[in-house]
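Following: one structure in structure tokens, then a few remarks.
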Amino acid sequence: MSTDTVGELNARFAIDGHVAVEAGPGGFPVVAVRNAHAGATIALQGANVVAFQPRGQEPVLWVSQHAVYAEGKAIRGGIPLCWPWFGPHPTDPTKPDHGFVRARPWDLIGTAAADDGATNIRLGLADSAETRALWPHPFALELVVTVGATLRVALAARDTGSAPFVCGGALHSYFDVGDVTTVAIHGLEGCAYVDKVGGGVKTQQGPVTIAGETDRVYQQTTATCTIDDPALGRRISVAKEGSRSTVVWNPWRDKARRLADFGDDEYPRMLCVEVANAPGDTVTVPPGGAHRLETTIGVEKQG
Ligand code: TA6
């Protein structure tokens, strides 16, 4: 991991009218993007896109007021990167949920202004002795974030070893909603899902609505989802590539209270719709090969 200071990173990667590297919460470096289309902020801690706001729109991503900004901690909100597994480790409960890359500092490896006025940010993370102790495979991750009228986030996982590896993960997006009890998620109608709250596998009837703790893994779906949010008068779209599973999560009251970095009364204002490679949708990557998990997030005013 680079030991460059914020000043050094800014000197290397700043672009007038597009990119500046600044000290964020806890003094951790963040990449601040401001261009003709939108504003965005990317924390090097976990390569987490913690803010996205197209011009003329309200913020799209949610971050808890209680989020912790510390080494080894994932930020509660934005788009945490779950990799190389989703959820609990398949066989070893002593290993961290959702893998280990969301809690590590990433390297800023490139910034560029695109001809259409968008901005591209590239971040990287490779294996180390610490990661191999958790997961015995050489890898190189690259995250490409494109900030324009839409936000595109693409995680490419390359196998830099001599044996194939199996990986899972998710782009664990937290969306800011006006009132989670009145939103409707379209795109999952008729899909089978693992219900982690009520148990069992069920079939989605109609749009997804939230009226209690919700934790579902929708299976065999490549569909784009839309989140209709009447309280904020907008529709968020979540498109994807490289994924056949979608996760919907809201902790509701009791689980929110159990989470130290989540405010007791914050759950009505957030909703996770995650582009995933959940169990049953993991990917085998051959030596020298790569898998790309991608989401494109848009927002439009309604009514
Ligand atoms: O994506 C949904 C989920 O897997 C839930 O089970 C819930 O635990 C959530 O992720 C948050 O996990 P975290 O490890 O960030 O507290």
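Values for this structure:
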item	result
Rg(Cα) / (2.2 N^0.38 Å) computed for the range 1-110, rounded to two decimals	1.14
Over the range 85-155 - Rg/Rh using Cα atoms and the Kirkwood inverse-distance radius	1.09
Computed magnitude of the charge dipole of the range 144-303 (debye, nearest 20; Cβ of K, R +1, Cβ of D, E -1)	260 debye
Ellipsoid equivalent to the chain - semi-axes via the Cα gyration tensor, in Å	28, 25, 18
222 nm mean residue ellipticity, helices alone, for the chain (DSSP H n ≥ 4; -39,500 (n - 2.57); rounded to 500)	-1500 deg cm²/dmol
Mean projected area (nm²) of the alpha-carbon convex hull when the range 168-217 is viewed from all directions	4.2 nm²
Accessible area per residue in Å² at 1.4 Å probe, computed on the chain	42 Å²
Within the accessible area of the range 212-283 (1.4 Å probe), percent carbon and sulfur	43 percent
Set of lysines near Lys255 by C-alpha distance (under 23 Å), chain-local residues within fewer than 8 positions excluded	Lys73, Lys95, Lys196, Lys202
Whole-Å distance, taken between Cα centres, linking the range 72-109 and the range 212-283	17 Å
The range 133-239 - Rg (one decimal) and Dmax (whole number), Cα, Å	17.3, 52
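The values are calculated or read from the model by the stated rules, or taken from the named source; none is laboratory data. Everything numeric in this text was worked out from a predicted model, so none of it was measured. In this analysis, Cβ positions are derived from the backbone assuming ideal geometry, glycine residues included, and neighbour counts consider all displayed protein chains. Accessible surface is based on the protein model in full, side chains and every heavy atom, while ligands, DNA and RNA are left aside. Shrake-Rupley method; radii C 1.70, N 1.55, O 1.52, S 1.80 Å.
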